[in-house]
Every structure is written in structure tokens, then in C-alpha cells.
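The values are calculated or read from the model by the stated rules, or taken from the named source; none is laboratory data. Worth saying up front: this structure is predicted, and the values here are computed from it rather than measured. Neighbour counts are summed over all protein chains in view; Cβ atoms, including those assigned to glycine, are modelled from backbone coordinates with ideal geometry.
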Amino acid sequence: MSLRGTYAYSVDMAQKMGLSSIDERDGKLHFKGTVATQADANKIWDAIKTIPTWSQDVVADIQARPGAAAGQTYTVKAGDTLSKIAKELLGDASAYPSIFEANRDQLSDPDQIKPGQRLKIPG
């Protein structure tokens, strides 16, 4: 089976995220390009890493557009937490303090967010 076949899930994910170049050459699968957000790049990496031998099979240069999340806002939904929002929008749940700091004008406790609040998402 070709590497492209082995990594079909990763290739599909990369295409959905708008990655411009995916090709197989020199016994490796090459992913290269820019996607809209770091969260999109992380989704592609998560898909790649589902194959245990990915580090021997894949060469990847996946970048997020600079400032892609800058100026973005998010409306809190029931069940949301800052870490859940950080994972979804910034690609890293542990980045929640940056969202908290950007919203100090309306938040006094990172564990006290309410549905309907519009939060600024830092870039």
C-alpha cells in the first residue's frame, strides 16, 4: 500500500483544512502549506500521528496564517470552559490563561464563564 493510502485519513483532513501540497516522493509523504488557524494545523498533526510510524514516513511543514485568530471573538455556549475554547480555537487547552487575560474586563475567575458572553480570543 502506498503511504498516501496508509495516511488517507491524514490526507483527507489536510485537504479539508485547505493544505495546498501533499505528495509522495523519495519514500516519504510530504505535507506542506498554510492553513487558517493553529487549531487546523493541530488537527492535521493529530491525524498524522494516528499512524505509529509517522516519524519515519512523514515530512511536514504545516503553518498557520500569522494572526489568524487575532481579533476573533467567541460566544460562550452552555458546557463551555476556557480550556475547551482554547483547545478548539487555539489548538491547545493549556492556552486558556491567555483568553482569561484578554477578557479581564468581564471575567474575574477563569472558572466562571456564562453562556452568551462574547470573549476576545488573542492571536
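With the structure loaded, tell me whether GLN38 is within 14 Å of ARG65 (Cβ to Cβ) and either within 18 Å of the chain's Cα centre (by Cα) or modelled with pLDDT under 95 (or both) or whether it fails that test. Against the criterion (within 14 Å of ARG65 (Cβ to Cβ) and either within 18 Å of the chain's Cα centre (by Cα) or modelled with pLDDT under 95 (or both)), GLN38 qualifies. Candidates are the residues of the range 32-51 that are under 11 Å from GLN63 (Cα atoms) and of a type in the set (S, T, N, Q); the one that is surrounded by the fewest Cβ atoms within 10 Å (Cβ to Cβ) is THR34.
Applying the criterion of being among the acidic types (Asp, Glu) and touching a strand residue (DSSP E or B) at 6+ places or on another chain (Cβ under 9 Å) to the residues of the range 64-104, the residue that is modelled with the highest pLDDT is ASP80. Take the conditions (1) at pLDDT 95 or above; (2) under 11 Å from the mean Cα position of the chain (by Cα); TRP54 misses just one of them, which is (2). I'd like to know if the range 27-43 contains one or more residues that are part of a helix (DSSP H, G or I), in contact with an Asp or Glu (Cβ under 9 Å, 6 or more places away or on another chain) and of a type outside the set (A, V, I, L, M, F, W, C). Yes, that holds for at least one residue.
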